[in-house]
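Novice: The structure is given below, and queries will be raised subsequently.
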Amino acid sequence: MSHDHDDRPQLTAAQAAAVLNPPAGRNGGDLVVETLQGLGATTVFGLPGQHALGMFDALRRSSLRYVGLRVENNAGFAADAYGRITGEVAPLLLSTGPGALTSLAALQEAAAASAPVLAISSQIPSAGLGGGRHGYLHELRDQQASVRDIVKSVHTVRTASQIPSAIAAAWESALTAPHGPVWVEIPQDVLLAETTLPVVSAMDATPRELYPRPELTIAAAHLLSNAERPVIIAGGGVVRSDASGKLRALAEKIDAPVVTTFGGKGAFPWEHPLSLRSWLEDRHTTDFLEDADVLLVVGSGLGELSSNYHTFRPRGRVIQIEADAGKLESNHPALGIHSDAREALADLLEAVERREDPDAAERVRTVLEKVRVRIEAQDLTLEQQVLAAVREALPDAAPSFWDMTILAYWAWSAFDARRPNTMHSAQGAGGLGYGFPAAIGAAAADPTKPVLAVSGDGGAMYSIAELATARQYDLPLTWLIVDDGGYGILREYMTGAFGETTGTELARPDFVALAESFGVPAVRTSPESLAADLSKALAAPGPSVVVLPALLRMFEPTHL
């Protein structure tokens, strides 16, 4: 079997000399950073550790920008946000054992939210691998086993020449729909060993495209064209594949009302006449969705939050477009189309026939009015006032990152994200501490826009160390901390379930004084002055903190 080499690049004499005489003083770590640069990376996140020092030393000799956080889990959250905002791979450099394990909760969130994070971890020296108990520092019996259930793929390196190929394969995996976190691990001695391999040049790691099968598009288009009451549920896959324009065009072509999931915030214009907004935790919305004769679900698995806690029982035909094959029909029988949302919507848009429904907008208005009346009856003026103040202060194009806190749960349903890919939360895995470190990652991705993080006082305590990071890199982000003296939502859950609470009440610092001790300007605000204080903080350069002492309540659930 012969290969045609005529199209291979021809090296100049100078290039050939550089390949044959690579610079001295390079090690395995240099192969890591050269590969990342060759793949197009510009920024890496992480935290150094003894076994990983070969990679960190090599950063000195590269053009990569390093953003170092104070806790590995927070570094993972920052990489997650960078991946969500840019759609590019976010490299995360980790050390062995405790460093690797501390990142796992962040990688779980990246997996749940389909964020392309490339974790590159060191390992104990090669001589210690294989499961024996050698007693090396940071030693685990099987480090990969700890991450295998979380990440999309695991790539192991045992020699220097394997480094570029392993990282390229991981990169391709991270960017193949559905995006997600991947894991590469390299022993300490391989990272430290001097190498005479040529400098890594441009690498090719093209993700596979995921197109819908044509017969499924035809079947889906027939169902939608002939539906009497079609409705669309738009999930996070629409945002990730940059398909909100195609979604809107399809909805308008068939006059179908659209509800966005919490992960799909911003995928459809909030004030559009066909917009049901995001009131998924409301029985009026659930009833409306159940009444659809054809329900198109795009980029959502219809999990717990998107199905009103699995109380949703569709009566019509379901069409599900989903890049994650494991989510197809996992909760409801459907015409399952395994595809990237953008590709499937583009094909559907061409294939459907225009249908007009003069009553669609009125039916949407009726549902939204029922939701409004239900909320109005619960005396929740403060909560709506606070959310409106945040919306007023936040520029339309500024990204926001919401921790697991009562104000965020309100925002999932009631906040107008205004633009796709601007509102993000930790609702995928539901871990605490996401908001502020994620905002750091977003600010690193685009320092031209202010970034907002929203936390409760409980979640804020997970991330206090990163005030030092925000100050060190002078990042344009504002942290709103809603201080209610405890884990507010757990307080509500326990009171509702048991009549009293355990473990929910928290001693906490003076957040204003604490922020100022890091050199970060801070202000204590009130619901009345929140919009003005938040606007001022967001407009100022560098990091800032706004503390709102307030006891917020959740609206009543409808799924119980």
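The values are calculated or read from the model by the stated rules, or taken from the named source; none is laboratory data. These numbers come from a predicted model, not from an experiment. Cβ atoms come from the backbone with ideal geometry, glycine included; neighbour counts cover every protein chain shown. Heads up: the accessible areas ignore ligands, DNA and RNA and are worked out on the full protein's heavy atoms, side chains in. Shrake-Rupley method; radii C 1.70, N 1.55, O 1.52, S 1.80 Å.
Novice: Would you mind checking which residues have amide H under 5 Å from Ser153's amide H? H placed 1.01 Å from N; only 5 or more apart, or other chain.
Specialist: Trp183
Novice: Using the eigenvalues of the Cα gyration tensor, what equivalent ellipsoid semi-axes result for the chain when each is taken as the square root of five times the eigenvalue, whole Å, largest first?
Specialist: 41, 32, 21
Novice: Out of the total accessible area of the chain (probe 1.4 Å, heavy atoms of protein only), what percent is carbon and sulfur?
Specialist: 52
Novice: Of Ala389, Val117, Val184, whose Cα points farthest to the positive end of the dipole of the chain (charges on the beta-carbon: +1 Lys, Arg; -1 Asp, Glu; origin at the Cα centre)?
Specialist: With unit charges placed on the Cβ atoms, the residue in question is Val184.
Novice: Right, something else. So what's the convex hull volume per residue for the Cα atoms of the range 19-192, in Å³?
Specialist: Cα convex hull per residue, to the nearest whole number: 102 Å³.
Novice: Using amide H atoms built 1.01 Å from N in the peptide plane, name the residues 5+ places from Val451, or on other chains, whose amide H lies under 5 Å from its own.
Specialist: Here the answer is Leu477, Thr478, since their amide H atoms fall under 5 Å of that of Val451.
Novice: Moving on. If packing is taken as the mean number of other Cβ atoms within 10 Å per residue, what is the order of 316-322, 339-345, 371-377, highest first? Intermediate results must be reported in sequence, preceding the final value.
Specialist: Numbers: 316-322: 24.1, 339-345: 27.1, 371-377: 14.1.
Per-residue mean Cβ counts within 10 Å order the peptides as 339-345, 316-322, 371-377.
Novice: Given the C-alpha atoms of the range 468-560, compute the convex hull and give its volume per residue in Å³.
Specialist: It comes to 129 Å³ per residue, whole-number rounded.
Novice: Using the alpha carbons of the range 318-364, what is the convex hull volume per residue in cubic angstrom, as a whole number?
Specialist: 107
Novice: Same structure again: How would you classify the range 458-504 from its alpha-carbon gyration tensor, with a ≥ b ≥ c the square roots of the eigenvalues: rounded for a/c under 1.5, else prolate if a/b is greater than b/c, otherwise oblate?
Specialist: Prolate, because a/c is 1.5 or more and a/b exceeds b/c.
Novice: Still on this model: For the range 266-381, place one equal point scatterer on every Cα, skip the solvent, and apply the Debye formula. What is log10 of I(q)/I(0) at q = 0.16 Å⁻¹?
Specialist: Each listed q corresponds, in turn, to -0.87.
Novice: Still on this structure, please answer the following. Give me the Kirkwood hydrodynamic radius of the range 1-118 in Å, from all C-alpha pairs, to one decimal place?
Specialist: 16.0
Novice: Can I ask one more? Taking the C-alpha atoms of the range 199-349, how large are the radius of gyration and the largest Cα-Cα span, Dmax, in Å?
Specialist: Expressed in Å, the Cα Rg and Dmax of the range 199-349 come to 15.5, 62.
Novice: With a 1.4 Å probe and all protein chains in place, put Leu210, Leu20 in order of accessible area, largest first.
Specialist: Leu20, Leu210
Novice: While we're here: Based on the alpha carbons, how large is the Rg to Rh ratio for the range 381-459 when Rh follows Kirkwood?
Specialist: With Rg and the Kirkwood Rh in hand, the quotient comes to 0.94.
Novice: Out of the DSSP beta bridges found with both residues in the chain, what percent are antiparallel (nearest 5)?
Specialist: 5
Novice: Next question, about the same structure. Please compute the contact order of the chain in relative form: average sequence separation of alpha-carbon pairs under 8 Å and at least six residues apart, divided by the residue count, as a percent.
Specialist: 13
Novice: Another one. Please get the size of the charge dipole for the range 19-192, origin at its Cα centre, with Cβ charges of +1 on Lys and Arg and -1 on Asp and Glu, quoted in debye to the nearest 20.
Specialist: 140
Novice: Students often check this: by mean Cβ neighbours within 10 Å, which of 539-548, 437-446 ranks highest, and how do the rest follow? Show your work: numbers first, answer last.
Specialist: Working: 539-548: 20.6, 437-446: 28.3.
Ranking the peptides 539-548, 437-446 by packing returns 437-446, 539-548.
Novice: Would you mind checking Lys370/Lys449; Lys152/Lys449; Lys265/Lys536 for any pair whose Cα atoms are more than 28 angstrom apart?
Specialist: Pairs exceeding 28 Å: Lys370/Lys449; Lys152/Lys449.
Novice: Ignoring everything but the protein chains, give the 1.4 Å probe accessible area of Thr502 in square angstrom, nearest 10.
Specialist: 100
Novice: With +1 on each Lys and Arg Cβ and -1 on each Asp and Glu Cβ, and nothing else charged, work out how big the dipole of the range 214-367 is about its Cα centre, in Debye to the nearest 20. Don't jump to the answer; show the numbers that get you there.
Specialist: Working: 17 positive and 25 negative charges, 49 e Å.
Around 240 debye, computed over the range 214-367.
Novice: Just to verify a number: what accessible area does Asp57 come out at with the full protein assembly present, 1.4 Å probe, Å² rounded to tens?
Specialist: Accessible area, nearest 10 Å²: 50 Å².
Novice: Taking the Cβ-Cβ separation of Glu528 and Glu362 as r and a Förster radius of 35 Å, what is the calculated FRET efficiency to the nearest 0.05?
Specialist: Working: r = 37 Å, r/R0 = 1.06.
Efficiency, rounded to the nearest 0.05: 0.40.
Novice: Then there is this: If we sort 352-365, 41-54 on the protection proxy, mean other Cβ atoms within 10 Å, highest first, what's the order?
Specialist: Highest-to-lowest ranking by the protection proxy: 41-54, 352-365.
Novice: Could you list the square roots of 5 times each eigenvalue of the Cα gyration tensor of the range 378-549, that is, the equivalent ellipsoid semi-axes, sorted largest first and rounded to whole Å?
Specialist: 24, 18, 15
Novice: Then there is this: Quick query: amide H of Gly46 versus all other amide H atoms, modeled in the peptide plane; which residues come in under 5 Å with a sequence gap of 5 or more or a different chain?
Specialist: Amide H to amide H, under 5 Å and 5 or more residues apart or across chains, Gly46 pairs with Val67, Leu69, Leu93.
Novice: If you don't mind, another one. Over the range 378-549, give the accessible area per residue in Å² for a 1.4 Å probe, as an integer.
Specialist: Heavy-atom accessible area per residue stands at 36 Å².
Novice: Return the Rg/Rh ratio of the range 147-244 with Cα-based radii and a Kirkwood Rh.
Specialist: 1.20
Novice: Treating only the Cβ of Lys, Arg, Asp and Glu as charged (+1, +1, -1, -1), what charge dipole size does the chain show about its Cα centre? Round to the nearest 20 debye.
Specialist: On the way: 44 positive and 66 negative charges, 115 e Å.
About 560 debye.
Novice: On to the next question. In terms of the Cα gyration tensor, with a ≥ b ≥ c the square roots of its eigenvalues, is the range 342-432 rounded because a/c is under 1.5, prolate because a/b exceeds b/c, or oblate? Present the calculation step by step, with values, prior to reporting the outcome.
Specialist: Details: a/c = 2.25, a/b = 1.33, b/c = 1.69.
The shape class here is oblate.
Novice: Now for a different question. Could you tell me what percent of the DSSP beta bridges with both partners in the range 378-549 are antiparallel, to the nearest 5?
Specialist: Counting DSSP beta bridges with both partners in the range 378-549, the antiparallel share is about 5 percent.
Novice: Further question on the same structure: At 1.4 Å probe size, put Met55, Met404 in order of accessible surface, largest to smallest.
Specialist: Numbers: Met55 0, Met404 35 Å².
Putting Met55, Met404 in descending order of accessible area: Met404, Met55.
Novice: Can you give the helix-only mean residue ellipticity at 222 nm for the chain, where every DSSP H stretch with n ≥ 4 adds -39500 (n - 2.57) and the sum goes over all residues, rounded to the nearest 500 deg cm²/dmol?
Specialist: Value at 222 nm, helices only: -11000 deg cm²/dmol.
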